Amino acid sequence: MIRDGRVFRTDWTPEDLHHRHGELQQLSSYLSPIEEGREADPASIFGPTGTGKTAAAEELLRQLRKSVVDLDTILIDCWNNHGRFQVLRELLELVNAPTHDLRQDRTSRDEMLARFREHKDDLCVVVLDEVDQLDDEGVLRDLWQTDGVCLLFIANREDDFYGTLDDRLQSRLLTSQVVKFEPYGVDALTDILRSRASAGLARDAIRTAELRTIADTARGDARVAIRGLKNAAEAAEHRGTRRIGQEDIKGAVPKARAEIRQKTKSKLIRHQRLLFEIIEEHGELSASDLHDAYEAEAENPRSKRQRRNYLTKLERYNLIEREGERRWTTYRVVEAPVRS
DNA sequence: GTTCCACCGGAAACGGGGGACC
DNA sequence: GGTCCCCCGTTTCCGGTGGAAC
């Protein structure tokens with residue numbers, strides 16, 4: 001039934017970006033000075049998980065590369081590169097600057113920045129995906145102050161991003177252009193799934209009614225929906241049938257959510273995972289109960305201050321949410337959506 | 001009204017790690 | 001082999017906050 005499994009991967013980009021033409025056009029107009037060889041003001045994309053933000057940015061970079069000669073386009077995933085050194089190293093690699101002699105504890109940031117400025121083209125578009133995951137905003141200042149660098153930020157929530165910046169940077173960036181990506185509606189998500197199904201599944205493997213059911217259950221998250229479609233196809237294959245039925249769909253989307261959550265969990269370090277598992281086990285519990293449970297279970301428990309850092313991280317990962325303040329603080333597991 | 005308590009988060013200090021250099 | 005360097009993860013300290021207890 002599955003003809004091409006690549007279609008269901010998160011990094012697979014369709015030829016046509018369904019239902020994001022307006023947003024793409026908006027972004028193109030913000031970055032249009034680049035096509036005339038000029039620097040464009042920073043722009044930001046905000047929107048929940050699975051709304052096509054990264055895919056839109058990639059498409060935008062593709063279009064810019066087609067129309068502008070001598071343009072560096074760089075997309076950095078700040079989820080995997082959250083330190084200043086890591087971001088600068090990625091920048092150097094992507095502009096083909098020498099990186100063999102870089103050392104986290106030896107090479108100064110100024111030197112790395114100078115090397116980047118020397119090797120990049122006159123104009124360079126830098127997309128910082130999941131920018132709210134950055135530990136050190138200094139790199140934003142570095143890039144902001146670099147001639148010829150056009151910045152595009154991607155984050156889930158506006159306040160998560162701006163809230164972490166110092167006043168000076170915040171006031172500069174608050175004037176940047178913003179494009180908001182709303183969650184997909186059922187019709188839009190059904191279209192997206194139809195296009196994936198026709199590219200990756202056998203002909204007539206699924207009907208519109210089943211596609212709509214998946215789209216509806218995914219609640220606006222394309223990543224969950226696409227993975228759900230793949231799970232449904234596998235279930236149908238397992239059943240030995242040539243068409244996906246409602247019974248194949250039933251567990252497909254919850255399974256997709258669980259898989260995405262598992263992937264996120266696998267990135268946690270031991271103490272972060274323990275804190276998450278305690279919250280998961282209790283469903284919801286107060287801060288003091290959480291600390292007590294952690295101290296009872298942890299080997300070499302980390303300090304309370306460090307635990308608070310871990311909990312902030314878990315919140316940013318969309319794994320948990322916090323409610324209330326001070327002694328009434330409670331933590332609970334976020335059911336959905338989660339970031340992949 | 002004052003003190004206590006539990007929590008949050010910023011800032012500074014500390015120590016480990018590991019390659020370069022002598 | 002000893003020392004240097006400095007980033008990163010972690011701890012310590014501390015001020016702020018606001019309800020509870022007195």
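Averaging Cα coordinates gives a centre for segment A:227-285 and one for segment A:155-226; these two points are 19 Å apart. Per the Debye calculation on segment A:167-321 with a single equal scatterer at every Cα and no solvent contribution, log₁₀ I(q)/I(0) for q = 0.17, 0.20 Å⁻¹ amounts to -0.94, -1.07.
If you add up the charges near A:SER288, with Lys and Arg at +1 and Asp and Glu at -1, over every other residue whose beta carbon is less than 14 angstrom from its beta carbon, what do you get?
Details: positive: A:LYS304, A:ARG307, A:ARG308, A:ARG322, A:ARG326, A:ARG327; negative: A:GLU284, A:ASP289, A:ASP292, A:GLU295, A:GLU325.
Combined, the nearby Lys, Arg, Asp and Glu give +1.
For segment A:3-103, the relative contact order is 18 percent, taking Cα pairs closer than 8 Å that sit 6 or more residues apart in sequence and dividing their mean separation by the residue count.
As a rough guide to protection, the peptides A:5-17, A:131-143, A:111-123 ranked by mean Cβ packing within 10 Å, highest first, stand as A:131-143, A:111-123, A:5-17.
Packing-wise, with mean Cβ within 10 Å as the measure, how do A:44-53, A:193-202, A:307-316, A:170-179 rank, highest first?
On the way: A:44-53: 22.6, A:193-202: 19.4, A:307-316: 17.4, A:170-179: 14.8.
Highest-to-lowest ranking by the protection proxy: A:44-53, A:193-202, A:307-316, A:170-179.
Calculate how large, on average over all directions, the projected area of the Cα convex hull of segment A:268-333 is; give the answer in nm² to one decimal. Projected area, direction-averaged: 3.9 nm². Sorted from longest to shortest, the spans of the Cα atoms of chain A along the three principal axes equal 59, 56, 38 Å. Over all Cα atoms in segment A:166-247, the spread is summed up by Rg and Dmax: 18.2, 61 Å. Model label points for A:ASN96 and A:ARG62, set 7 angstrom from Cα along the Cα-to-Cβ axis, are 2.2 nm apart. Summed over qualifying helices (DSSP H, 4 residues or more, each -39500 (n - 2.57)) and divided by its residue number, chain A shows a 222 nm mean residue ellipticity of -14500 deg cm²/dmol. Taking the number of Cβ atoms within 10 Å of each Cβ as an exposure proxy, the fewest-first ranking of A:THR217, A:THR329 is A:THR329, A:THR217. Maximal additional length on extending the A:LYS267-A:ARG157 stretch stands at 37.4 nm, based on 0.36 nm per residue less the C-alpha distance. Take every DSSP beta bridge whose two residues both sit in chain A; close to 30 percent of them are antiparallel. Here the scattering of segment A:20-180 is modelled by Debye summation over its C-alpha atoms, one equal scatterer each and no solvent; at q = 0.10, 0.17, 0.21 Å⁻¹ the log10 of I(q)/I(0) is -0.33, -1.01, -1.53. Label-to-label distance for A:SER286 and A:ASP216 is 4.2 nm, based on points extended 7 Å past Cα in the beta-carbon direction.
Every read-out reported here was derived from the displayed coordinates using simple, explicitly stated rules and does not represent laboratory data. Quick caveat: nothing in here was measured; it's all calculated off a predicted structure. Using ideal geometry, Cβ is built from the backbone for each residue, glycine included, and neighbour counts are taken over all protein chains shown.
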